[in-house]
Every structure is written in C-alpha cells, then in structure tokens.
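K.L.:
Okay, here's the structure, questions in a sec.
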Amino acid sequence: MKQMLTNQIPGRASLLSLAAAITMLPVSALAEDAAAEDSEQERSKRADAIIVTASRSLSQPDLPTATPVQVLSGDELAHRRQGGLGETLAGLPGVHLDNFGGGASRPVIRGQTVPRIEILTDGANLFDVSSVSPDHAITTEPLLLDGIEVLRGPAAARYGGNAMNGAINLIDSKVPKAVPEGGLSGATEVRYGTGDEEKTVAGRVTAGLGQFAIHAEGSRRKADDYNVPDAFGSDELKDSFAESSSYSVGASWITEKGYIGAAYTRQDSEYGLPGHSHINGVCHTHGADLHCAAHDEFDDPFGSSDDHTAYIKLRSERVDVRADYEDLLPGFEHVRLRGSYTDYKHDEIDGPALFSHYTNEVWDGRVELTHKPLLGFTGTLGVQYTDGTFGGINVNDLHEPPPTALAGFVGNPHYVTENIGVFLSERRSFGAVDVEIAARKDWRDIDVPFTDYVISPHLQSAIDSYDARNGEGAFRRMREESFRTANPSASHDPFSASLAMTWQIGNGYSAALSLARTERAPNVRELYAYGNNLASNSYEVGLSQTQRASSTFPEARTDVMETAKSINLTFRKTGGPLEFEVGLFHQDIDDYIFARLIETEVETGVAHNFLLYTAADASFTGIDGQVSYQFTPQSRLTVFGDYVGTKLKSEDDNLPRIPPGRLGARYEHSAGPLTGDLEYYHTFAQDKVASYETRTGGYDMLNATLSYRLDIGDDRGVEFYIRGTNLLNELAFAHTSFVKDQSPLRGRSIAFGMRQQF
C-alpha cells in the first residue's frame, strides 16, 4: 500500500553552393500576385480551387510581404494533401517535417517547428497540444482546406513570439464570406492510396438564402500501417495507422460591407505511435543520475510486455466567430473580428492501459482595425485576449489504481494561462520603396491552481498530531509551500518589433530587407516538464524544476525569455517567363531554450535520454527559395532548395533535429485538359548532430502527378488524378523527427483520386 504524504505531481552541402544553385537555375513562381486579383465573388464559385494569398490575411492588402511567402492552393494543394499538415507541406522551400508515423506530422520552417512557428486558421490562432510533444497531431484536416499560406521569417509583430520563425495560415470555407453564385456550390472528393490502403471521402456544400449563406463539410479518412522499403527490415511500419473524421457547419449574414458568421467544427482522430516504448516508464532519477530499474517505491507503472500497440485517441471541438467589414467605423477602412472557443482532449493508450490524458480549453478573441490613410500611412491596430487551461503534462500512470492513503494536494495540476496582446503595424510607400514598421506587446501569466486537498481518514490523527506540535493548519501550509515550489507561477511580458523595406526596382524585380527583434516566452513543457516522456524516449526536466531534480543543476528559473535578432533579405522577380523568390536569413538568439543531454540510460535495452531544458545562445543562418522559367504557356521548370546552419554558442554541443540541405527540380506541363508534373529532390546527409543523435544519411525523392479535368459547363467539372510519391522506394529518415530511426518516411505509394465541383 502506498502512503502518500507528499504532493502527487504527475509526471528536435554548403550554404554558398546552394545559394549559387538556387539563384542561377530557373523554378515555379509564387501564386500570390495572380491570386491577389481574384475577387471574393470569383473565389466563391470554385469551392475546390480557392486561391488566397498572404497579402489578404498575413499582411496588409496590395503590398507584398518583405519575407518569403509560399501559397499552396487549388490543384497543387489537392494533389499534395496527406493526413497531416507536416506531410502536406514537406518539400516546399524552407519547409521540412517532423514525422511521427501516419497520424502526427509537424512542419519545420527554417530549422524550427512549434512553438517557434505559429499555426493559424484564417488569421486566428489554432489551439491544440502539438507544441508540447512531437506525437501530438496538429488539429486540422488538409482535405477540407482551400489554401495554405506559409510565411518564412518573423511574423511575431502580428501574432506573438511563437511566430518568431514563421507562420502557417490555414484557409477554409467553414464560415462563408460570400453568397455562392446561383445559390449553391460545393465539391466532393474520393481517393485511394496503395501505400497504406488509404480510403478517403470528403465533401462540402454552401447554399445561399437571400443575405445568408449556410455551409456544411465533412471528411472521413482511414489508413493502415504504411509501406516502407524492405531495407528497413519490414515491409510496413508497425503502428503507423491513422484514422480520422471531421465535420463543420457554419452560417453567415452577408451585406455589401462585409459579413459576420460562426461555425462549429469537430475532429476525431485515432492514430498509432511507431517507435513508442513503455518499458522505460520505470525510469527515475537519483539526483543527476538516471536509473531505469524498479526498486523500493520506484516501480514499473506498466509491469507488462512492451509489444502492445500504443495509440492516441483525439477529439477537438471548436466554435469560430468571424467578421470582416469595410467602412464600418469612421476613419477605418476595415474591421476584422476573430473569436474562438476550443475544447481539446486526447487519450494516450498502450494496449489495454490508459496512461495519459491531455486537455486544452481555450477562449480567444482578436479585433483588428485598419485605419484610412493618415499622412500617407495605412496601418492596423489590434488587440488579442486569450484564456486557456491546459492539463496532462508529466502524467503516464492513469491506468494504475488510485492509492488508498493520501495526505495533501492530489491529482494532476492544470496550467491556467491568461494573455493580453496589443499590436500595431504601419505601411507607407516612398516612391519605389515600401516601408513597414510593426510592434507587439504581450502580458502573459501562467498560474497553477491547487488541486484537491485530500486526507485519508486513517491518516487524520497523524496530521492532527503534526498540527498540534507546529500550530493549527501547519500541515496544510507545509503542503501548500511544497506545491508552490513544484508548480511556481510564471509571468512574461514579451515585446517584438520589426522594420521592413521593399524596393520595387522595376520590370518585376524587387528586393526586401527586414529587421526584427522578437521575444518568446517558454511554453508549458519547457517550464514544467518533470518526468518521463515515453513518446520521445526521454526523461525531461523543465526550467522551473531543475533544483527539484538535483542540487547540482542550475537554479530554477521561470523568467527566461528567448530574444531573437533577425535579418532577412528577399529577392523577387515576377512577370515574364523568368520568375524567382529567394530568401537569405540570419538569427542570433539569446537564451535559446533547448533540451540538453545529461546522460543516456540503456539499462532496459531501449535508450532513454535524460534531458534538461537549458537556455543558451544560438544562431541560425540559411537560404531558401525557388526559381522558375516558363518555356511555353503549357510548360514550366522550377528549381528549389533550402539550407540552414546552426551554432550553439555557449554549449559544447550542436542543436538537435536541424534539417539538412535540400535541392530539387519540378517540371510541369499541360495539354488541354491533361496536366502533369514530375518532381525530384535530393536531401543531403546531416552530419552536424547533437550529442544524443546519430548521423542521418541523404536520400532522393521522386514524385509525379497526372490529372485529367472534364468540364461539364456552368463552372462544374470533374478531375481524375493519380499521384505517386517516393517512386524510387528509397529508405528515407527525417533528421527532424524525434523517432527518426523507428519511423522512416513512407515508401512507394500511388494515390488515385476523383474531385467534382458544382
């Protein structure tokens, strides 16, 4: 019988050669200039080919951004879509993926993923728990998206410090912005994939009723364990299955000046965790030493074999309120409202055992006011308020029966975050030079409320004796002090500012320079981690928990603030047969938060890393971009590539999970209703590794798409397509993955699909 008189705190080629290759070879132009000409009415006609640009939602209208933007929409998005956001975007310039089987994949932009990039849905923050562990999926369904915008470079002045390295904006139609022409529009899609027996169906419809528009959409996807090359030792990756369903209903009131509407969205998902092992659930620490054998009160929370299937069962429910109005208030051109309520939860299950449960309940509101020209400047003033309650970190023993002897605060802590942010951006043209200045200030507080205070009846007399000796309520005060030591509150007031200049040289050429100083506050895992993270095979200690783990570790801190000083150079050419966009960047980051290795324990036969979250100075330098040449109206060649180099200045180590360089080409051709593309890229080996990593070999990737569109009049059409990925069937490992050796990328796969619009 366990007697618990203590608190129960539950338990990541050369730069010059790539630069030369990217800038000298011709590639596909960005769609943003052409897309900017699409009217809201035109976009409402084509439900599956909507093009939305960053100039509409991530920056000011009618002016290009100073940092590189990639827009993925229409046919290209439809053909590239996979089950996760990271897999869908992987291969775009500057974008890699952090994969965890078939159900969870996170995008990596310029060497960093969440929480250093922000995921947005129509310009509002997307709330899930993907930033606290790599096995947690980003809660979006790529099958139901109209477009994806990828902004590489700091976007923090508008969206906060978590966008210090970029932002990804997910464009959808769940809140209608226009009444469809003819009163009704919609689309359906079905697809089948050979590499994982994928079976997918998706559909949506928008109906107009006078000034009102009603929208409904849904999707269902089921995929088995995906195929991998035989060189891995098996022809499929165990526990890489993924199953998901999503639906949304929404409605809007639409007037000449704008719209206001709301939508309810629910997503359910169940997916496996390849590489997961619970055998190290017994791991614990003795000071600075990690020990992975059961003894005394340190027992194996599972006590069973390690061959069960581990999986996550997820449900996310979200309500969105959106509004956009022109000339609604005197002195303002545009008013934008984004409000949301998110209720997220997932269970982590290993065989018959529920060992963890995550929750995230968030209220968020955002208002933006774009003023009319004033002294030549056009700008946007905004305010955002967020209130969220997060739970589940450090918990992996929910399947164990509750103890029968309790005295103190029991249960799993929840972390309550309140954030207020204000931001301002201003733009003005001085002849051929466009100038933008922006700033954002946040006030964020994290509090950890006391859990239930419980004293088992047979322990009450001992507690009374303690209080008699030390004063009334002494035992509770002692437990409160212990709880607060283990769960300190944290306050941060990050400030970010940027200055950008774009020179319109003429004949379609432009050059842009952006300077930014960005502050990012640590997230919940970086602050409060204390215990085993079985998904990443590690025992982690957060910034505020160091002294709790060992007196030899650095002093516990909650005041760490990452501060990045960034410079971005972007060169563009639009119009004519030759088009390009190339970005060079450098970041110096003070107090960069990363997990430093203390030791690796192999006592169980499965390596377990003892990681201590540490703040150290680091730098990121790189280049990414693409160049295209239009040989004829029907054919285009695109060359693309990216490279990022890092330096950990104050530690004798390298940063973990940094993507290697990559260089590739894509050829596109169309002949009437028949279109196709052939894409090849080489990912170089990654030899610069952290102390607990191994070298990752390079690989070649060959993909191809062929589609045939049948128009049936009145903006209606049917498209049949076939897309092959990894046609060379290469055994490929993503260095950015926490479980790269246990979770290789997909082998050869062919997807057959049919899309219909009406």
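K.L.:
In this structure, does Ser245 turn out to be of a type in the set (Gly, Ala, Ser), under 27 Å from the mean Cα position of the chain (by Cα) and at pLDDT below 95?
P.N.:
no
K.L.:
A further question follows. Specify the residue that is farthest from Ala549 (Cα to Cα); the eligible residues are those in region 577-619 that are among the hydroxyl-bearing types (Ser, Thr, Tyr) and in contact with a strand residue (DSSP E or B) (Cβ under 8 Å, 6 or more places away or on another chain).
P.N.:
Ser619
K.L.:
Does region 417-434 hold any residues that are crowded, with 17+ Cβ neighbours inside 10 Å and out of contact with any Gly (no Cβ under 9 Å at 6 or more places or on another chain), and which are they?
P.N.:
Asp434, the sole residue that qualifies.
K.L.:
Would you mind finding the one in Asn487, Asn533 that is closer than 30 Å to Asp135 by Cα, modelled with pLDDT under 95 and surrounded by 14 or more Cβ atoms within 10 Å (Cβ to Cβ)?
P.N.:
Asn533
K.L.:
Taking Pro274 as meeting all but one of (1) open to solvent by less than 10 Å² (accessible area, probe 1.4 Å); (2) closer than 16 Å to Gly102 by Cα; (3) modelled with pLDDT of 95 or more, write down the number of the exception.
P.N.:
(3)
K.L.:
Which one is surrounded by the fewest Cβ atoms within 10 Å (Cβ to Cβ) among residues in region 158-174 that are assigned to a loop (DSSP other than H, G, I, E, B) and of a type in the set (D, E, K, R)?
P.N.:
Among those that are assigned to a loop (DSSP other than H, G, I, E, B) and of a type in the set (D, E, K, R), it is Asp172.
K.L.:
Residues being part of a loop (DSSP other than H, G, I, E, B) and open to solvent by 40 Å² or more (accessible area, probe 1.4 Å): count how many of those fall in region 278-330.
P.N.:
The total comes to 17.
K.L.:
Scan Thr558, Thr570, Thr546, Thr552 and give me the residue that is in contact with a Pro (Cβ under 8 Å, 6 or more places away or on another chain), of a type in the set (Ser, Thr, Tyr) and open to solvent by 20 Å² or more (accessible area, probe 1.4 Å).
P.N.:
Going through Thr558, Thr570, Thr546, Thr552 in turn, the sole match is Thr558.
K.L.:
Still on this structure, I have one more. Across region 722-736, what is the number of residues that are surrounded by 21 or more Cβ atoms within 10 Å (Cβ to Cβ) and either modelled with pLDDT under 95 or out of contact with any Pro (no Cβ under 7 Å at 6 or more places or on another chain) (or both)?
P.N.:
4
K.L.:
Moving to a separate point now. Would a scan of region 671-686 turn up a residue that is surrounded by 18 or more Cβ atoms within 10 Å (Cβ to Cβ) and within 30 Å of Gly182 (Cα to Cα)?
P.N.:
yes
K.L.:
Would you mind finding the one in Asp33, Asp38, Asp62 that is modelled with pLDDT under 85 and on the phi > 0 side of the Ramachandran plot?
P.N.:
Asp62
K.L.:
For region 587-628, what are the residues that are part of a strand (DSSP E or B), open to solvent by 40 Å² or more (accessible area, probe 1.4 Å) and over 15 Å from Leu655 (Cβ atoms)?
P.N.:
If the condition is that a residue be part of a strand (DSSP E or B), open to solvent by 40 Å² or more (accessible area, probe 1.4 Å) and over 15 Å from Leu655 (Cβ atoms), then Ile598, Glu599, Thr600 are the ones that fit.
K.L.:
Then there's this: Just to be sure I understand, how many residues within region 410-434 are modelled with pLDDT under 95 and of a type in the set (A, V, I, L, M, F, W, C)?
P.N.:
Of the residues in that region, 1 qualify.
K.L.:
Taking Tyr259, is it surrounded by 15 or more Cβ atoms within 10 Å (Cβ to Cβ) and over 24 Å from Pro142 (Cα atoms)?
P.N.:
Answer is yes for this residue.
K.L.:
In region 104-157, what residues are part of a strand (DSSP E or B) and hydrophobic (A, V, I, L, M, F, W, C)?
P.N.:
Ala104, Val108, Ile109, Ile119, Leu120, Ala124, Ile148, Val150, Leu151
K.L.:
Where in region 382-465 are the strands (runs of 3 or more DSSP E), entirely inside, with at least 3 residues that are charged (D, E, K, R), within 21 Å of Glu526 (Cβ to Cβ) and under 25 Å from the mean Cα position of the chain (by Cα)?
P.N.:
433-447
The values are calculated or read from the model by the stated rules, or taken from the named source; none is laboratory data. Given the structure is predicted, the values throughout are model-derived calculations rather than measurements. We place every Cβ from the backbone using ideal geometry, glycine too, and count neighbours over all the protein chains shown. Heavy atoms of the whole protein, side chains included, go into the accessibility calculation; ligands, DNA and RNA do not. Shrake-Rupley method; radii C 1.70, N 1.55, O 1.52, S 1.80 Å.
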